[in-house]
Amino acid sequence: MGTALAPEASASAGTTLATSATDTARAPRGTAYPVRPGARRMPLVAVDDVRAAGKGFVGRKTIDPGDPYLRGHFPSLTVYPGVFLVESLQQMLEVHLDGALGGVELVELGSVRFSRPALAGDEVVIEAEVDGDRDRLVTKATCSSGGQRLARITATWRCRP
């Protein structure tokens, strides 16, 4: 299978996040990537930085308890929901491949194993290997924070035309 990897340069933050063809908004903490026209609306910005590494990428997301989608999850202990780790992986893959959000859709979650929670203030690091072509990409990812594994995720994706 051919490999559909991004250019060697890392994606840079600080641009305006377009949530639709006619709508733009500033992303939290000045971190943003362009959104492809016609992509689903993305209130959750689940990526701070992505850099090419080996056969894939390393991405980072700092958990900010002030982000509106975390209010009440949970009031005394802010926990980043496990499904948000899958969303972080997807957004990091999109930025890695195209430098923009909205270009990839999930086909299958092959396996997901959560080991510990991601908490407010944690910097989540996702190291992912990417194999395949744009019709069928397989990622094998390890999510960690402070050197401790949070999750392992194996997923299959398809790039949108």
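The values are calculated or read from the model by the stated rules, or taken from the named source; none is laboratory data. Because the structure is a prediction, the values reported are computed rather than measured. Every residue, glycine as well, gets a Cβ built from its backbone with ideal geometry; the counts of neighbours run over all protein chains shown. All accessible areas refer to the heavy atoms of the entire protein, side chains included, with ligands and DNA or RNA removed. Shrake-Rupley method; radii C 1.70, N 1.55, O 1.52, S 1.80 Å.
The table that follows gives values for the structure above.
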{"read-out": "Per-peptide average of other Cβ atoms within 10 Å, ordering 95-105, 59-69 highest first", "value": "95-105, 59-69"}
{"read-out": "Shape box of segment 75-161 [Cα atoms, principal axes, largest first, Å]", "value": "43, 22, 20"}
{"read-out": "Full-stretch length increase - residue 105, residue 131 - with 0.36 nm per residue and alpha-carbon distance subtracted", "value": "7.8 nm"}
{"read-out": "Length-normalised contact order for segment 60-112 - Cα pairs under 8 Å, 6+ apart - percent", "value": "20"}
{"read-out": "Local electrostatic count, residue 73, Cβ distance below 15 Å [Lys/Arg +1, Asp/Glu -1]", "value": "-3"}
{"read-out": "Surface per residue (accessible, 1.4 Å probe) for segment 83-145, Å²", "value": "42"}
{"read-out": "In order through segment 63-79: 3J(HN,Hα) via Karplus (6.51 cos²θ - 1.76 cosθ + 1.60), integer Hz, x for Gly, Pro", "value": "7, 9, x, x, 5, x, 6, 9, 4, x, 10, 10, x, 8, 8, 6, 10"}
